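Laboratory data are not the source of any read-out in this text; all were calculated from the coordinates shown. Being a predicted model, the structure only gives us computed values, none of them experimental. As a convention, Cβ positions derive from the backbone with ideal geometry for all residues, glycine included, and neighbour counts pool all protein chains shown.
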């Protein structure tokens, strides 16, 4: 029997414990752990490669969107199942990359069903016809490491102006509005090496 690997993430410890016990009672599910911080979630997800990340977003709402985007870029093959909380717009979470949002009133059956439905590795987002040159990939990969334009230029032995031009082209190709957005979109469609971004939370917009 295939076993679904699930990572729990959120600040509500009581909710985490209840969900942990619910999932652990089923033989086809294995809970990898429960984390309460964004950085820890990204680190554990990268190490353990869960099939599903069951996430209760951190407040405020804008932070919830960021918390969704980070694992979508870091572990694009993990499905993100979000437990919606008050004050969080479900549409915004889905637009940020969540695969499914359960309303606050969803019961145990709905939760179990959603985990099982999302357990196959989801297809990455597709930007048909978009390609990045090796140099553009190198520049964006270093940007994902939170390096400044000056540091990227020094690392690749190119000018700062060339770095800016590469980033401008990447933004245009991906329809991105910031470095964070470009890294997230590029990683989600396999246009960046799997080991980056290692510090998405530090990407400078």
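Observations
- Alpha carbon centroid spacing (whole Å) that separates region 161-183 from region 14-42: 36
- Going from the residue with the fewest nearby Cβ atoms within 10 Å to the one with the most, 154, 74 rank 154, 74.
- Pairwise label distance in nanometres, residue 27 with residue 158, each label 7 Å out on the Cα-Cβ vector: 5.5
- Shape of region 4-118, Cα gyration tensor, a/c cut at 1.5: rounded
- Net length available on complete extension from residue 131 to residue 151 is 4.8 nm, with 0.36 nm assigned per residue and the Cα-Cα distance removed.
- Ranked by how many other Cβ atoms sit within 10 Å of their own Cβ, fewest first, the residues 135, 100 fall in the order 135, 100.
- Per-residue extension of 0.36 nm, minus the Cα-Cα distance of residue 11 and residue 178, leaves a gain of 57.3 nm for this segment.
- Segment residue 40..residue 106, full-extension length gain: 21.1 nm, with 0.36 nm per residue of separation and the alpha-carbon distance subtracted.
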